[in-house]
1. What are the residue pairs meeting all of these: first residue in region 339-353, first residue closer than 15 Å to Gly263 by Cβ, second residue β-branched (Val, Ile, Thr) and in a loop (DSSP other than H, G, I, E, B), Cβ atoms under 6 Å, and 6 or more apart or on different chains?
2. Considering region 282-303 alone, what residues qualify as being within 12 Å of His62 (Cα to Cα) and at pLDDT 95 or above?
3. Restricting the search to region 263-280, which residues are surrounded by fewer than 24 Cβ atoms within 10 Å (Cβ to Cβ), under 18 Å from Phe69 (Cα atoms) and touching a helix residue (DSSP H, G or I) at 6+ places or on another chain (Cβ under 9 Å)?
4. Can you name every residue in region 336-358 that is surrounded by 22 or more Cβ atoms within 10 Å (Cβ to Cβ) and touching a His at 6+ places or on another chain (Cβ under 9 Å)?
5. So if I check each of Ala257, Ala273, which one is within 30 Å of Pro99 (Cβ to Cβ), aliphatic (A, V, I, L, M) and either at pLDDT 95 or above or in the same structural domain as His62 (by TED's automatic domain parsing) (or both)?
6. Would you tally the residues in region 1-53 being exposed (fewer than 13 other Cβ atoms within 10 Å of the Cβ) and in contact with a Phe, Trp or Tyr (Cβ under 9 Å, 6 or more places away or on another chain)?
7. For region 218-236, state whether one or more residues are within 30 Å of Asp292 (Cα to Cα) and under 19 Å from the mean Cα position of the chain (by Cα).
8. Considering every residue within region 135-143, establish whether at least one is in contact with a Gly (Cβ under 8 Å, 6 or more places away or on another chain), over 23 Å from Thr268 (Cβ atoms) and in the same structural domain as Gly305 (by TED's automatic domain parsing).
Amino acid sequence: MTTTVIHRADRVLLPERLTAPGWVEIGSGQVLAAGVGAPPRPADVDHRDATLSPGLVDIHCHGGGGFSFTDGVEAARGARAAHLRAGTVATVASLVSAPVPALAAQCAELATLVEAGVLAGIHLEGPWLSPGRRGAHDPRALAVPTPADVETLVSAARGTLRMVTLAPELPGAVDAVRQLVANGVAVAIGHSDADEGEARRAIDAGASVATHLFNAMRPLSHRSPGIIGACLASPEVTVELIADGVHLAPTVTALAARSALGGFALVTDAIAAAGQGDGSYVLGGLDVDVADGVARLAGTDTIAGSSLLLLDAVRHAVLHAGLPLEQALQAATRTPAEVLRIGGLGVIAPGVTAPLIVLDAQLRLSAVVDPRATP
């Protein structure tokens with residue numbers, strides 16, 4: 001006889017809404033049913049004063065736990081494990097700018113982990129970025145996109161390339177957007193000095209994400225909206241927000257969340273320092289110092305990713321930016337999964353096998369519920 005387990009919680013994030021209370025029935029290694037109010041029979045596990053949510057999904061992450069995704073398979077496993085321990089059940093590995101042959105080799109290596117279900121995909125943040133808005137990217141690695149280089153990287157990733165960040169004002173960039181989208185790759189606008197028209201042309205060509213909005217891009221002006229205005233006003237574009245109080249002031253996080261017609265996704269942009277603390281690290285061959293939790297290129301004021309965990313971003317968005325819990329959780333679960341078309345993640349629904357997480361009243365991880373562990 002099949003054994004099922006019913007979890008009841010004071011709050012459950014279902015696809016339609018955050019219920020209070022709700023329940024989830026698990027069996028045969030998957031979610032069997034979920035609903036609002038009292039469960040159909042007495043619950044086996046009762047999560048009092050807690051929230052049951054899909055596991056978190058991070059679509060922009062460079063590393064964690066002392067490991068970087070650029071350093072090979074075992075380092076990638078270590079980085080992914082560090083975020084998994086903190087409630088992020090799916091991580092897209094972000095790679096920083098490097099020569100195309102080096103990126104192709106990294107993509108081919110990480111593709112094995114995506115194919116094995118360890119990683120949720122690969123994100124290339126570069127090398128097709130603006131030199132003037134490069135942030136913590138090595139200027140020697142920057143380039144303009146060509147059809148041959150796009151094909152090289154798409155082929156090397158073997159169908160695991162989920163997203164590419166590029167600057168749409170570069171020569172050949174709009175054609176690259178079309179080529180990538182035709183290959184099933186989401187294109188993000190970022191590290192760019194594009195004006196509104198240049199951003200709009202990329203969006204019309206299929207760009208659907210804005211990389212860490214406000215950071216490493218032309219500032220918003222009331223007479224020159226630039227990338228920020230174009231992306232916030234476009235229903236086709238989901239904007240990434242790094243809700244840590246460093247990349248964005250809480251007020252700006254709240255304003256962007258309310259203004260983005262295409263919605264927003266919380267991301268970490270985390271480097272190896274995530275879950276580790278202050279110290280010296282390396283990002284794409286460049287030295288990074290982390291002090292008081294803030295990562296900067298050594299000897300400069302340039303922010304170099306973050307030491308953020310995604311659940312910390314959710315908590316910051318709720319407690320400091322004042323976002324509703326439902327909105328913040330959706331931005332770290334369903335929205336990023338849908339943006340990159342990653343099935344089986346970000347929702348609690350029949351057939352889902354991905355782990356669920358339980359958050360206490362302070363929005364801290366208290367348990368992980370893995371349907372695959374239930375017979």
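1. Gly346/Thr333
2. To start, the set of residues in region 282-303 that are within 12 Å of His62 (Cα to Cα) comprises 282-284.
Hits for region 282-303: nothing passes.
3. Gly275, Gln276
4. Residues satisfying the conditions are Pro336, Leu340, Leu356.
5. Working: Ala257 fails: within 30 Å of Pro99 (Cβ to Cβ).
One residue alone meets the criteria, Ala273.
6. 3
7. Step one: filter region 218-236 for residues within 30 Å of Asp292 (Cα to Cα), giving 218-220, 228.
Remaining after also requiring under 19 Å from the mean Cα position of the chain (by Cα): 228.
Yes: one or more hits.
8. Initially, region 135-143 is screened for residues in contact with a Gly (Cβ under 8 Å, 6 or more places away or on another chain), giving 136-138, 141-142.
The next check asks that each one be over 23 Å from Thr268 (Cβ atoms); those that pass are 142.
Still in the running and in the same structural domain as Gly305 (by TED's automatic domain parsing): 142.
The answer is yes; a qualifying residue exists.
The values are calculated or read from the model by the stated rules, or taken from the named source; none is laboratory data. Model, not experiment: these values are computed from the prediction. Because the Cβ atoms are built from the backbone with ideal geometry, glycine has one as well, and the counts that use them run over all protein chains shown.
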